[in-house]
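Undergrad: One structure coming up, written as structure tokens, with questions to follow.
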Amino acid sequence: MDNSWDNSNSFKPNRSWKYKGTLVTLSILAFCTLSLITIWILWSSRNEANIVEEARERAKPDWVAAAVIVEKMRTEIGSKALYQANPKLSVRFKSEKEFLDFVARWRPYLESLPKNVPRSGENIFGHRHGLGWGPTILSYKMPQGWWVIFQWNGPYDFPSRQLTNIECFR
């Protein structure tokens, strides 16, 4: 041992301290990563629920219109009035008779739509609109398995909106 006051070279770090420091750092990093993943999962599941609920809210006016259409389709007189009120149906159905034959074929399978827009998990429901551009499409699977799909030439608040297509199938 020398007699100098500078003995900084005499300290030899213990390798176990280096290992313990790395282990602590990795533990903190793992904890932070798991915390961020947990927060992201909670946020995305809550956000997904909000997105679904917003979609249901946007679909309400179209759902009400679809319920009225289904009720009209359940009678011959209502079907005639529906075709006459929506001249753009003539693109899909060349004549009133063709439309009435189509509706008559599906009438026994048509069920009244529920008052409220279904939640996912209930009967399958789909809604898409072109955010002011393009058509609005609403589809619904009835409890007995029959699908009904409606298409309009714009969103519900489009001034000259008309029904342009109806599809029914199983």
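Undergrad: Roughly how many debye, to the nearest 20, is the charge dipole of region 58-169 about its Cα centre, given +1 on each Lys and Arg Cβ, -1 on each Asp and Glu Cβ, and no other charges? Present the calculation step by step, with values, prior to reporting the outcome.
TA: Details: 16 positive and 10 negative charges, 20 e Å.
Here the size comes out at about 100 debye.
Undergrad: Would you grab the residues whose amide H sits under 5 Å from the one on residue 165? Only those 5+ places off in sequence or on another chain, please, with H modelled 1.01 Å from N.
TA: Correct list: 151.
Undergrad: Using 0.36 nm per residue, how much length does the chain from residue 144 to residue 22 gain when fully extended, once their Cα-Cα distance is taken away? Present the calculation step by step, with values, prior to reporting the outcome.
TA: Working: separation 122, 0.36 × 122 = 43.92 nm, distance 6.21 nm.
Between residue 144 and residue 22, full extension yields 37.7 nm more.
Undergrad: Also: Give, in nm to one decimal, the length gained when the segment between residue 167 and residue 98 is fully stretched (0.36 nm per residue of separation minus the Cα-Cα distance).
TA: Numbers: separation 69, 0.36 × 69 = 24.84 nm, distance 1.34 nm.
Extra length available between residue 167 and residue 98 comes to 23.5 nm.
Undergrad: Collect residues whose amide H, placed 1.01 Å from N in the peptide plane, falls under 5 Å from the amide H of residue 154; neighbours closer than 5 in sequence don't count.
TA: 136, 162
Undergrad: Give me the one-decimal nm value for the distance between modelled label points at residue 51 and residue 76, 7 Å along each residue's Cα-to-Cβ direction.
TA: According to this spin-label approximation, the distance is 4.8 nm.
FYI, it's all coordinate maths here, none of it is from the lab. Worth saying up front: this structure is predicted, and the values here are computed from it rather than measured. Cβ coordinates were reconstructed from backbone atoms using ideal geometry, including for glycine residues, and neighbour counts include every protein chain displayed.
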